[in-house]
C-alpha cells in the first residue's frame, strides 16, 4: 500500500462505486483477432468513439496513460493489455476494451458517466458504421469488497479464534474442520480430484505462506500445513498466482464491528477462502489468483484479465472441470443502482424504458462475461453480499444480492449462522423469479455466540502477525464473518458434484433446490430461509485434535 493512500482502520472520506474517469466498452466483433491485432482494434474503436465524444469536449485515451497512472506515489502497475476477448462460444465473440476519459474542462472530476451517456445515445449510429457496442460501463470497483473506498467487504473484521487445546503440550496437528450436517450429501469419493477451483481474491506471496508454515506457533495448524505442503509439492494441487495481473493500490474496503465503513488490511482474505475449500474438497486443485489488493479492493481490469484467461484455458482443454469462487461484490444492488447512477433521481414515465436500458447497459458486459464462462461449463459461485445489517435493525427485508451473484449463470451464496438462522448482515440469495441461490454457514453479527459460547463465526487460516484490532496471532486461525466465507463452502460442494459428472447448470439447480421437501401447494414450497429466498446447506465446524 502506497504511503499516501490510507492507513489500517481509516474511515473513508467518500464512497466510490467506480474508478473516476475510466470506462470499459464491450463490442461484438466478426471473428477472434490475432494477439498482434489487438492494439489495432483498440485504436480503431477509440478513434470511432471519439467522433461521438469530441463535439461534447470529451476524448477517450489509451488505458494506463493518464489519471492515477500518472501519480508516481501510487506505484501503478504497467498495463500490457488494453483489450480482452471473450465469448469464444459465440460465432461473433466479444471484446472488452478499457479507456480513460478526459474532459476539456480540467475541473470535471469524473467525465465517465457523461461519456457513457453520450455513447449510449448513439448506438444506432455506431451500428450503422459497423461498430456493435453491446455494453458501456464504468470501471466498477471490485471489493471483498486520494484512495477509493468501495462499500463491499466482509461483514466484520477478523478476530482471533478460540485457542482451545493449542495451549496444551504436544506437536500433533489440530484445528477446525467442516462437515456436512445433512445426511446423504453427494461427495465425490476421490475428493474432487478432477476439478480446478479458481479463487479470485487477495493472495499472499508464496514465500509468505512458506514462512508462516515454519512459524513455531503455527506448526500445529493442520490446514495451514496442508496448504503449505501442497504449494511446495509444485504439482498443481495448490498454486498462488500473486503477480500475474496488475493490482492497483488505490482501492480499499471493509466494515467495523458496528458495520460502519472502515478500511483495514485483509491480505489473508483469499487464503482463508482457499483453506475452507481445501478442507471440504481435499484433492481438488486450487488456484489462488490475486485480483484484489491487500485492502480487499480492485476493479474490473484485473477481473476481466483473469476470467478471460480462464475461458481460454477451458477452450484449449487445459482445464476440464472448473469452479470459480468469487468472494467479492461489484456495484450497488439493483434497487439502489439507479440512485447512484442518475444524478436527478426521477425521470418522466415516458423515459422509463430508456432508464432501464441504461441501467442494463452499464453492467451488461459483466453479465455476458459470466455467461460466457458458464457456456463453457464453468460453475461460478459468488457472494451475495453483507449489506443488510441496518435493514435488519430497522425490521426491513434484506437487500437483494449484489453482482455478479445476482446473474442467472452464477450460484449466489448468502449466510446463515451456526443455528441455521439468517445472519443479521446477510443479503438475500436470489431475486425473483430466479431461484439460483443458497444459504450456508457464514457466521453472525458481532457479539453473537454459538452453542459452545464461542463467537458465531467461520474459522479459517490467518497468517498475518496481528489482527486489525491489534491482537497477536498465536495460532494461525481466525474468526471471520460474511458471505465471503459461506461462498467457498458451496464452491467446494460444487467441485464434488462436477467431479461426479454434473454440469454447471445441474449443479446450480441441485444445490439451490435444497432437500427437496414437498408441500400441499402444487406451485411449490417456501424456501427454508424465506427472508433470504434460499434453501440451506447445513454444515458444522468442529475442533479436532
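Worth a mention:
- For the stretch 398-418, the criterion of being surrounded by fewer than 21 Cβ atoms within 10 Å (Cβ to Cβ) and over 30 Å from residue 448 (Cβ atoms) is satisfied by at least one residue.
- Any hit, the stretch 114-124, residues being modelled with pLDDT of 85 or more and either under 30 Å from residue 482 (Cβ atoms) or crowded, with 24+ Cβ neighbours inside 10 Å (or both): yes
- Within the stretch 393-411, one or more residues are in a helix (DSSP H, G or I) and over 30 Å from residue 498 (Cβ atoms).
- Residues in the stretch 466-497 that are closer than 26 Å to residue 424 by Cβ and either touching a strand residue (DSSP E or B) at 6+ places or on another chain (Cβ under 9 Å) or modelled with pLDDT of 95 or more (or both): 21 in all.
- All positions within the stretch 141-165 that are touching a strand residue (DSSP E or B) at 6+ places or on another chain (Cβ under 8 Å), at pLDDT below 60 and outside any strand (DSSP E or B): 145, 147, 150, 151, 152, 153
- Among the residues of the stretch 194-217, the ones that are modelled with pLDDT under 95 and part of a helix (DSSP H, G or I) come to 2 in all.
- Options 275, 270: the member that is in contact with a helix residue (DSSP H, G or I) (Cβ under 8 Å, 6 or more places away or on another chain), modelled with pLDDT of 95 or more and within 20 Å of residue 541 (Cβ to Cβ): 275
The values are calculated or read from the model by the stated rules, or taken from the named source; none is laboratory data. Everything quoted here is computed from the prediction, not taken from an experiment. As a convention, Cβ positions derive from the backbone with ideal geometry for all residues, glycine included, and neighbour counts pool all protein chains shown.
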